[in-house]
Amino acid sequence: MLNTIRPALQMDGGDCDLVDVTADGIVQLKLRGSCGSCPSSVMTLKMGIEKRLKSSIPEIKSLVTV
């Protein structure tokens, strides 16, 4: 699923790596490149990536950066 999201991040000079998915449904991502320092990264994370992941995988409870 992340592979469908990553091209949009890469177009802006950023990217993300999946670090872990916990047993209680928390997805841990590492934002890289311009996404790691972008002031809008929280919005991208919650309204973009998290929303799309949750709609495809209902077991996901939340998305956090590490």
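Below, the figures for the structure above:
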quantity: Selection status of Pro39, out of contact with any strand residue (DSSP E or B) (no Cβ under 9 Å at 6 or more places or on another chain) and either part of a loop (DSSP other than H, G, I, E, B) or among the aromatic types (Phe, Trp, Tyr) (or both); calculated: yes
quantity: Pair list, Cβ < 7 Å and 6+ apart or interchain, from segment 41-66 residues that are more than 20 Å from Asp24 (Cβ to Cβ) to residues that are of a type outside the set (A, V, I, L, M); calculated: Ser41/Cys35; Thr44/Cys35
quantity: Residues within segment 22-59 that are over 12 Å from the mean Cα position of the chain (by Cα) and at pLDDT 90 or above, tallied; calculated: 9
quantity: Count of residues meeting criterion [in a loop (DSSP other than H, G, I, E, B) and within 19 Å of Lys54 (Cα to Cα)] in segment 1-36; calculated: 5
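The values are calculated or read from the model by the stated rules, or taken from the named source; none is laboratory data. It should be emphasised that the depicted structure is a prediction, and the values quoted were computed from it without experimental measurement. Note: ideal-geometry Cβ built from the backbone for every residue, glycine included; neighbour counts use all protein chains shown.
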